Structure formats: structure tokens, C-alpha cells
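K.L.:
A single structure is presented below for examination.
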Amino acid sequence: MAPNFITEIIERDLASGKYAGVVTRFPPEPNGYLHLGHTFASFLDFQTAVQYGGRYHLRLDDTNPEGESQEFAEGIMADLRWMGWDWGDGLFYASDNFERYYGYAEQLIRQGDAYVDSVSGDEMARLRGDAHTPGTPSEYRERGVDENLDLFRRMRAGDFADGAHVLRGRIDLGSANMKLRDPVLYRIKRAWHYRAGDAWCIYPMYDFQHPLQDAIEGVTHSMCSLEFVDNRAIYDWLMERLAFAPRPHQYEFGRRSLEYTIVSKRKLRQLVAGGHVTGWDDPRMPTLRAQQRLGVTPEAVRAFASQIGVSRTNRTVDIAVYENAVRDDLNHRAPRVMAVLDPVRVTLENLEEARTLQIPYWPHDVIEASSDGLVALPGGERVAPEQAVRDVPLTRELFIEREDFSADPPRGYKRLTPGGTVRLRGAGIIRADDFETDDSGNVTHVHATLLEDGARAGGVIHWASAAHAIPAEFRLYDRLFRVANPEGQNPDDIAPEFDPEQPGHAELSEDSGPLDTGFLRYLNPGSLRVTRGFVEGSVANDPPDTRYQFERQGYFWRDPVDSRGDAPVYGRIITLKDAWAQTQKAESGKPKGEGKKQKAETTPVAVSGAQPVLTPGQEAEVTRLTDLGASEGDARTVARDETLLTFLADAAPGDTFAQVASWTVNDLATLLRAGEVKVRAADLAPLAGLLAFGKVTSRVARDALARAAASGEAPAALIEREGLNSGLDEAELGRIVAEVLEKHPAEVEAYQSGKTALLGFFTGQIMRATKGKAEPGRVSGVLKAALDAD
RNA sequence: AGGGAUAUGGUGUAAUGGCAGCACAACAGAUUUUGGAUCUGUUUGUCCAGGUUCGAAUCCUGGUAUCCCUGCCA
């Protein structure tokens with residue numbers, strides 16, 4: 001986990017002793033399967049705890065019986081364990097604590113912090129008001145404690161129908177934060193809970209239950225996504241009213257979505273239910289179980305999760321980052337073998353007798369990168385590179401890839417052509433002497449000659465012996481959607497031409513309603529291509545979960561569901577990068593271009609220089625302040641802000657006023673509004689005087705101002721006490737400059753070889769070394785002289 | 001419209017007043033018995049307008065854009 005704003009908070013909390021250790025939790029609701037979107041959140045929760053030597057919990061957040069099940073709970077656990085997580089005894093079910101939540105609810109009632117409301121849902125929504133109008137109390141808001149307690153107990157006892165009453169927090173109906181307008185804490189809902197059965201007919205709401213559960217578990221840092229920012233106010237209110245100490249705190253991070261992927265549970269369900277995929281584990285799905293079946297390893301998923309950063313903005317990650325993580329993992333894991341996916345027969349006319357070749361499993365670069373000098377056999381055993389080979393028969397009858405022979409090759413084609421040569425991987429060079437085609441012109445047979453050593457060829461192709469290779473089905477997966485953002489509008493999208501051979505297309509057109517099925521129209525009709533071909537015989541004895549690189553094709557493994565011993569099915573985990581396809585596409589690509597979006601186009605020109613309109617009273621203040629010497633801009637800012645106005649009221653009039661006003665606006669405004677400024681404006685005049693007379697640099701003055709604001713000490717006294725007005729003579733400055741240069745020889749060299757931007761770096765170092773006492777004007781002169789002299 | 005959050009290359013993320021860096025992508029070259037991998041290099045960026053400062057991605061003011069909130073879901 002790279003450093004981020006949450007690790008920063010944790011380090012501060014640990015350093016200050018706020019918590020003895022870190023405790024986090026990942027709280028999925030067991031009403032669906034985990035998908036790639038969850039890996040980010042779970043990784044953040046778990047890995048952060050690991051990183052700080054803390055604990056992480058898995059919490060099944062099962063407070064809404066609808067849709068939740070043990071099957072989902074177990075699926076979630078299995079997927080997380082597959083990812084390599086071990087929460088030890090840190091497994092919690094929210095439903096195990098229903099009784100405790102209930103107790104806290106009664107406590108809130110007794111404290112007058114919660115009440116039973118008895119209006120309908122519609123009425124409650126109406127009374128809540130909207131963004132412009134504050135909420136109005138329902139007629140039940142002022143019920144007494146005893147009545148509330150009685151009603152709430154009877155709610156639990158099942159005396160009332162669903163929806164007849166709710167328990168609400170009594171917070172603030174007028175709050176601009178809608179979440180605070182007396183949120184519902186409990187509702188009556190007669191539903192069978194997969195763990196609690198029918199023990200309860202009231203269930204707690206997220207806003208009530210989640211903070212309590214965090215506190216009960218002893219969680220310290222409770223991470224959730226950005227849409228819960230407003231809910232934090234309830235979280236803090238609850239912690240305060242129920243006096244938890246030490247208490248957990250909620251921090252929000254931005255979600256990460258992935259290009260070409262949807263993660264909405266409802267839409268995923270539509271894909272399964274509509275038969276657009278074969279199930280939740282269809283290798284094209286973004287669910288973890290699907291990625292698992294695809295053959296992606298947990299290490300790759302974790303690498304991906306660690307590579308996408310953490311921030312407070314919702315972002316969409318480039319699919320290439322995921323693909324890179326998958327390839328990078330497989331490159332060092334998957335032995336190389338050969339398979340022909342779309343075969344064309346080749347006869348080596350001059351090969352009389354079959355040969356057995358020993359071809360290495362690994363390319364030279366993977367061998368060289370091995371840390372112990374050994375490499376793995378498909379079974380996992382690590383052996384010397386020369387032993388990491390398999391037997392491959394070279395026979396008179398072979399198969400090669402249909403794409404690897406061309407009677408009419410495009411420019412730059414490096415494979416087999418009539419009369420041309422190519423190297424058969426590991427077997428030597430052949431020349432195509434002749435070829436046959438069928439009625440439609442498809443090549444059916446190539447007649448070739450195996451050439452002597454010393455022959456030359458421009459390219460290398462893979463192959464398989466017709467007599468020994470194993471027939472197999474290949475499933476070539478591609479992105480499920482044709483567009484990066486299937487849930488968006490995609491006005492530039494061009495629907496693919498109708499192709500009756502592609503399953504899914506017909507359903508797609510009859511199924512596409514105007515509403516939520518819109519994303520279905522972006523389904524990629526070619527997301528699954530099935531071919532029949534041959535894989536070299538050596539794979540027969542390998543473990544069934546071996547991931548291979550089929551050379552020049554991509555990474556594959558045996559489909560764990562559909563593959564049979566006598567009918568193997570190989571699924572493509574991911575393609576190899578294909579520079580040739582790139583150039584091909586570029587050649588044929590119309591100059592239409594992608595139309596890079598220009599920022600200037602998307603951002604309308606801002607109306608600049610617009611000044612907010614001031615009231616006559618504020619205008620009068622502006623005049624008064626400018627008369628006192630303040631700049632127009634500062635005056636306008638101050639006049640509009642009561643806090644700044646009040647602060648500035650006791651500033652001394654005179655020459656120093658303008659400076660004090662400027663500091664007020666530019667340096668103190670934010671602190672002032674937060675009520676964190678301890679110094680008085682009256683104490684600022686002497687500081688401004690020191691600055692005006694050149695006794696201190698502006699840097700020293702601002703530092704002193706900041707410290708004074710925090711401590712309340714008069715800044716001028718502070719400067720006096722620390723001798724910051726002592727000035728800096730030429731000799732001392734020269735000495736410090738020399739010291740700084742000596743400490744940073746690499747930077748000096750870089751500067752002298754032309755990187756003049758480093759002047760700012762040196763200036764900063766010198767300012768720091770002199771505590772700001774050096775005058776920047778002099779520094780630059782001395783510095784340049786010293787650097788040039790060196 | 002009220003409240004809240006956010007804004008750095010194509011994408012994601014660093015820089016906490018002092019060198020705009022890293023990863024992925026793209027492009028070029030080297031290398032290569034995988035058009036893979038590897039290595040080297042290159043292109044592209046601080047939302048806009050003002051202000052403070054010797055110096056601003058960072059501080060101040062104003063604006064713009066995007067997202068979230070008005071479930072008895074989580």
C-alpha cells in the first residue's frame with residue numbers, strides 16, 4: 001500500500017498515542033458475490049492493517065434480511081481466502097449483535113435522543129423537507145420517554161404491523177445535511193433472517209448499526225467510500241451520545257471503477273439472468289470467482305489492487321493496468337508450450353523420419369531473471385535450465401496457425417509466404433514450396449521443405465505435430481463490453497454489424513428496453529470465440545491447474561469446469577501484447593482519428609474577474625478599509641466576512657494597517673474562521689513595522705505570524721526572543737551557502753550541467769538553514785556566484 | 001436551489017511554499033529462435049481568472065466542471 005491520506009492519518013494517530021494499534025474491517029453485505037471493485041476496498045482495509053502490524057476483521061454486514069444468505073456469506077469468505085487473506089478470529093456477523101444494538105437504542109430513548117415516529121413513509125419524506133426548506137417535526141416527535149420506550153418494546157414484541165412505526169434519532173430537522181434530519185434507526189420488517197431466523201421483527205438501519213459495530217469490534221479506522229461523507233455526521237453524533245472511548249473514526253475514500261466493466265449488482269444479475277454470460281463464474285464476468293475460473297492468480301489481483309492509488313476522488317482505472325498486472329504475473333509463472341488454435345496442415349516433403357526435439361520451457365530472459373538460477377517445471381519442481389525442457393516430436397505432417405501463412409502478405413509480414421522461409425520454433429527453418437486451397441480460396445494445405453542449417457528466416461512461428469498433438473477446444477475471451485464505460489452514453493459508439501452466428505446479438509436487440517438494459521447494447525458480440533485446434537502432447541502429464549503460455553498466442557489454462565480428460569478445453573486468460581496487430585490496425589485505420597478531447601473544448605471559458613455584489617453596508621466597509629490603507633481586494637474580502645471584520649477591528653491604524661489586512665486575508669482567514677487564531681490584530685502592527693524597516697525578512701515575519709496565531713504570543717516578542725531580527729552578515733551568508741552546496745554535490749553537478757531549475761532548490765535549502773533570515777535577493781546573487789565559481 | 005466532496009499528462013497517483021516525480025499507456029531505437037519479455041530514450045500535465053510571496057500544484061479571493069445527499073437499502 002503506497003502512502004496515502006489514510007496512512008498519513010494512521011501514522012499521526014499512532015505517533016500521538018491516540019490508539020495503541022490499528023484495527024480495520026471490511027464490511028460486505030452478503031447479498032452478492034465479490035467483484036474486482038471490492039478488491040480495492042478489501043485490499044485497502046486489510047493491507048493497511050497488515051502494514052501497521054494491526055488487526056483486520058471481516059464483517060458480514062447482514063442487517064437487512066432481504067437478499068442476504070449464508071451462501072453469499074460463504075462465497076465472500078471463499079473469495080477473500082483465495083485472495084490470501086486470513087482474518088483469524090476476526091470474523092463478525094452484524095446479526096450476532098442485534099441484542100446489543102437494541103440496548104443502545106433504548107439508551108438513546110432514555111437520553112431523549114431517539115423517539116418512535118408513527119407517520120407513514122410518504123409523510124415522513126414530506127415532513128423531511130428538501131434542500132430549501134427545513135424539515136418540520138411530526139406530531140410524534142415530542143412523545144415522552146416512557147411512551148417511546150413502551151412503543152419501542154412493543155415494536156420488538158411484534159405488536160405492530162410492518163411500517164407502522166420507526167425509531168428515529170432526534171438530531172436536527174433543520175440541518176442542511178439531510179442525513180441529520182432525524183434519521184431512521186430501526187424499522188419493523190417481518191422477514192426471515194438467514195442467521196437470526198424469526199427472532200426479530202425489527203432491524204437496525206446502517207446509520208445506527210454500522211458505527212456501533214465498529215465500536216463493539218474495537219475498530220480504530222473505519223474506511224468507506226465517498227458517498228458516506230454525509231453519514232459521518234450521524235456516526236460522530238452516535239459516538240458522542242453513547243460516549244464510546246476510545247472511539248472509531250470514519251474516513252472516506254474515492255471508489256475505483258474499471259474500464260469495460262460494470263459492477264452494479266443489479267446489472268450483473270441481468271447478465272446472468274438474461275443468458276448473456278453462462279453464470280456468475282463466466283470468465284468474462286468481473287466477479288472474483290469468474291476471474292479465478294479465468295485463471296488469473298490472486299497475486300495478480302493483489303498486485304493490481306496495490307497499483308491503483310488511494311484518493312478522495314472517484315476514478316476509473318485504465319483496463320491496461322489490470323491486464324498488465326495479469327501478464328506480469330503470468331510471464332514468470334507460465335511455462336511456454338505450443339498450441340495451434342486455428343490449424344492449417346503442412347507437409348514437410350523432405351522429412352523422411354520423425355525426430356524428437358527437446359525444447360526449453362522458458363525463454364532466455366526468464367531464465368536469466370531467476371534469482372536462484374533454477375526454473376520451474378510445470379509440476380512446480382525447480383530444476384537447472386537445461387533440464388527444463390520437454391520432448392516435442394517433429395513429424396512430416398504438422399499444423400501451423402492459419403494466420404501464419406499468407407499467399408498475399410501485407411507489408412512487414414514476417415511469417416510463411418509462398419517461396420518464403422520461416423523458422424519453426426525450436427525445429428529449424430522451412431520453405432513453402434506450394435499450397436492448396438478450397439473452393440472459397442481458403443488455404444487447406446502447405447507443402448514445405450525443411451532446410452539445412454545455415455538457412456535464414458525473418459520470423460518464427462509455432463507448430464504442432466499432426467500425429468502427436470492433442471485435439472482441444474479453445475475459448476478466446478475478450479472484453480464483455482465494446483466501450484470503456486458501458487453505463488454511460490457513448491454517442492460515438494457504432495453498433496456492430498448484425499452477425500447471426502454470434503450468439504447474444506438477437507437477445508440483445510429484443511431485450512434492450514429503454515431503461516436499465518441500456519448497457520446491454522454495448523455488449524461485445526465477440527467476447528467469446530471458440531476454436532478447435534491442437535495442443536502439443538507434452539501437456540498431458542502436467543497438473544490440471546498449470547498456466548501455460550501458448551507461444552505467440554497468450555496465457556491459457558484448462559477450464560476447471562468444462563474441461564474433460566478426453567476433451568480438453570483451454571481458456572485464454574489473457575493475450576500477449578501484440579505489436580503487430582497494433583501496426584496492422586494503424587495501417588488500415590482511417591485517418592478519422594480518435595479525436596483527442598481537447599480540454600479547451602470541454603471547459604467553457606470561465607467568466608473571469610466577476611466580483612461578487614456587495615451590500616451597501618459592505619461597500620461602506622470597503623471604503624473605510626481602503627481609506628485606512630488596505631488594498632481594494634483585501635478590503636472587499638474583509639468586508640464580506642464578519643469574522644475577518646471583527647478580527648481587524650482592533651488593528652492599529654496607520655502605516656502598518658495595509659500589511660496587517662493583507663496578512664489577515666492571505667494568511668489568517670482560514671484559521672480565523674475555524675476559530676483557531678490566538679493572536680490579536682493589535683499585536684501585528686509591531687511585526688509589520690519590523691518588516692517595513694527591513695529588520696526582518698518577509699519569510700521570518702510570516703513564520704512568526706503563524707506561530708503567534710497558534711500560541712497567542714506577540715510575534716514581535718517572539719522574534720526578539722529568538723534573535724530573528726539579528727540580520728545576517730555577508731560572511732555568514734557565504735559560509736551557509738558553501739555548506740549547502742557541499743551537502744548537495746549531486747545537485748550542484750546537475751545545476752552546472754544545465755539544470756538551472758535547481759536554483760529554487762538551493763534557495764529553499766538556504767532559507768531553511770537560516771530560519772528564513774537570509775534575504776532572498778542577496779541569496780540569489782551569492783548563490784549564483786558560488787555555483788559559477790565552483 | 002441548499003449542504004457536502006473533488007479537480008496534477010491519455011489513465012491512475014506523488015510532490016505538505018523550493019528539481020512537477022512514479023506506474024500504466026503511446027511512440028522511437030537496441031536486443032530477441034515468442035511481432036512476447038527486457039533495456040534505452042521520447043512525447044504529453046498542475047481546471048480557469050486574479051491576489052500574497054524572492055519563489056505557488058500547494059496559501060488567499062472569485063469562478064467553472066464533475067460527483068454525492070432529500071430509502072423504513074448498504
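K.L.:
From the phi of every residue in the range A:630-635, what ³J(HN,Hα) in whole Hz does the Karplus formula 6.51 cos²θ - 1.76 cosθ + 1.60 yield, where θ is phi - 60° and glycine or proline is x?
P.N.:
3J(HN,Hα) across the range A:630-635, in whole Hz: 5, 6, 3, x, 4, 4.
K.L.:
Using the Cβ atoms and a cut-off under 15 Å, what net charge is assigned to the surroundings of A:R699, where Lys and Arg are +1 and Asp and Glu are -1?
P.N.:
Taking every other residue near A:R699 into account, the sum is +3.
K.L.:
Please list, by residue number, every one of the GluC sites (Glu not before Pro) in the range A:33-83 that is coil in DSSP and has at most 15 other beta-carbon atoms within 10 Å. Could the numbers behind the result be given before it?
P.N.:
Details: sites: A:E66, A:E68, A:E71, A:E74; in loops: A:E66, A:E68.
Of the GluC sites (Glu not before Pro), the ones in loops of the range A:33-83 whose Cβ has at most 15 other Cβ atoms within 10 Å are A:E66.
K.L.:
FRET efficiency for A:S711 and A:E227, Cβ-Cβ distance as r, R0 = 30 Å, nearest 0.05?
P.N.:
About 0.15, to the nearest 0.05.
K.L.:
Run the numbers for A:L759 and A:L149: contour at 0.36 nm per residue of separation, minus the present Cα-Cα distance, in nm. Please report the intermediate quantities before stating the final value.
P.N.:
Working: separation 610, 0.36 × 610 = 219.60 nm, distance 7.14 nm.
Length gained between A:L759 and A:L149: 212.5 nm.
K.L.:
Calculate the length of the line joining the C-alpha centroid of the range A:61-128 to that of the range A:20-40, in whole Å.
P.N.:
With the range A:61-128 and the range A:20-40 each reduced to a Cα centre, they are spaced 15 Å.
K.L.:
Counting DSSP beta bridges in chain A, what percent are antiparallel, to the nearest 5?
P.N.:
If we restrict to bridges inside chain A, about 65 percent are antiparallel.
K.L.:
Return the equivalent ellipsoid semi-axes of chain A as a descending list in whole Å, where each equals the square root of 5 times an eigenvalue of the C-alpha gyration tensor.
P.N.:
62, 44, 26
K.L.:
What is the local net charge at A:G537, summed over the other residues whose Cβ is closer than 10 Å to its Cβ (Lys, Arg +1; Asp, Glu -1)?
P.N.:
My count for the surroundings of A:G537 gives -1.
K.L.:
Where does each of A:661-669, A:686-694 land if you order them by average Cβ count within 10 Å, highest first?
P.N.:
Working: A:661-669: 20.2, A:686-694: 18.0.
Taking the mean over residues of other Cβ atoms within 10 Å, the ranking is A:661-669, A:686-694.
K.L.:
Once both labels are modelled 7 Å past Cα along the beta-carbon direction, what's the A:R456-A:D391 spacing in nm?
P.N.:
Computed distance between label sites A:R456 and A:D391 equals 3.7 nm.
K.L.:
With a 10 Å radius around each residue's Cβ, average the other Cβ atoms per peptide and rank A:540-547, A:346-353, highest first.
P.N.:
A:346-353, A:540-547
K.L.:
For A:D172 and A:E632 in the same chain, what is the full-extension length gain: residue separation times 0.36 nm, less their Cα-Cα distance, in nm?
P.N.:
On the way: separation 460, 0.36 × 460 = 165.60 nm, distance 4.02 nm.
In short, 161.6 nm is gained.
K.L.:
What angle do you read, to the nearest 10 degrees and between 0 and 90, between the alpha-carbon axis of helix A:145-157 and the longest principal axis of chain A?
P.N.:
That works out to roughly 10 degrees.
K.L.:
Divide by every residue of chain A the summed helix terms, -39500 (n - 2.57) for each DSSP H run of at least 4, and state the resulting mean residue ellipticity at 222 nm, rounded to the nearest 500 deg cm²/dmol.
P.N.:
-10500 deg cm²/dmol
K.L.:
Taking H as built 1.01 Å from N, whose amide H comes closer than 5 Å to the amide H of A:R312, not counting residues under 5 places away?
P.N.:
A:G254
K.L.:
Determine the principal axes of the Cα atoms in the range A:176-295, then give the extent along each, sorted from largest to smallest and rounded to whole angstroms.
P.N.:
50, 36, 31
K.L.:
I'd like the orientation of helix A:776-789 relative to chain A: the angle between its Cα long axis and the longest Cα principal axis, in ° from 0 to 90, rounded to 10.
P.N.:
With rounding to tens, the tilt is 40 degrees.
K.L.:
Among A:Y52, A:S588, A:G295, whose Cα lies farthest out toward the positive end of the dipole of chain A, if unit charges sit on the beta carbon of Lys, Arg (+1) and Asp, Glu (-1)?
P.N.:
Of the options given, the answer is A:Y52.
K.L.:
Normalised radius of gyration for the range A:616-722, please: alpha carbon Rg relative to 2.2 N^0.38 Å, two decimal places.
P.N.:
The range A:616-722 yields a ratio of 1.01.
K.L.:
While we're on this one: Distance between Cα centroids, the range A:170-203 to the range A:394-469: provide it in whole Å.
P.N.:
71 Å
K.L.:
Mind scanning A:K179/A:K267; A:K414/A:K585; A:K18/A:K179; A:K678/A:K773; A:K678/A:K771 and naming the pairs with a C-alpha gap bigger than 18 Å? Present the calculation step by step, with values, prior to reporting the outcome.
P.N.:
Numbers: A:K179/A:K267 28 Å; A:K414/A:K585 16 Å; A:K18/A:K179 28 Å; A:K678/A:K773 25 Å; A:K678/A:K771 23 Å.
Distance filter (> 18 Å) returns A:K179/A:K267; A:K18/A:K179; A:K678/A:K773; A:K678/A:K771.
K.L.:
As I understand it, the value is the acute angle between the Cα axis of helix A:579-588 and the longest principal axis of the Cα atoms of chain A; what does it come to in degrees, rounded to 10?
P.N.:
Once rounded, one gets 90 degrees.
K.L.:
Quick check: pseudo-label points 7 Å beyond the Cα along Cα→Cβ at A:R12 and A:E739, how many nm apart are they?
P.N.:
Each label point is offset 7 Å from its Cα along the Cβ direction, giving 3.1 nm.
K.L.:
Also, I was wondering about something else. In what sequence do A:W280, A:W463 fall when counting other Cβ within 10 Å, fewest first?
P.N.:
A:W280, A:W463
K.L.:
For an R0 of 56 angstrom, estimate the FRET efficiency from the Cβ-Cβ distance between A:A161 and A:A682 and round to the nearest 0.05. Walk me through the numbers before you get to the answer.
P.N.:
Working: r = 67 Å, r/R0 = 1.20.
So, using R0 = 56 Å, E works out to roughly 0.25.
K.L.:
So, one more: Sort A:281-290, A:229-238 for me by packing, meaning the mean count of neighbouring Cβ atoms within 10 Å per residue, highest on top. Present the calculation step by step, with values, prior to reporting the outcome.
P.N.:
Working: A:281-290: 22.7, A:229-238: 19.1.
Highest-to-lowest ranking by the protection proxy: A:281-290, A:229-238.
K.L.:
Hey, another quick one. Take the alpha carbon atoms of the range A:5-253, find their radius of gyration, then divide it by 2.2 N^0.38 Å using N residues; give the quotient.
P.N.:
1.05
K.L.:
With r defined as the distance between the Cβ atoms of A:N350 and A:V443 and R0 fixed at 22 Å, what FRET efficiency is calculated, to the nearest 0.05? Spell out each step's value before the answer.
P.N.:
Values: r = 21 Å, r/R0 = 0.93.
Approximately 0.60, to the nearest 0.05.
Bear in mind these aren't lab numbers, they're just calculated from the coordinates by the rules spelled out. The structure displayed is predicted, hence computed values, not measured ones. Backbone-built Cβ (ideal geometry, glycine too); neighbour counts: all protein chains shown.
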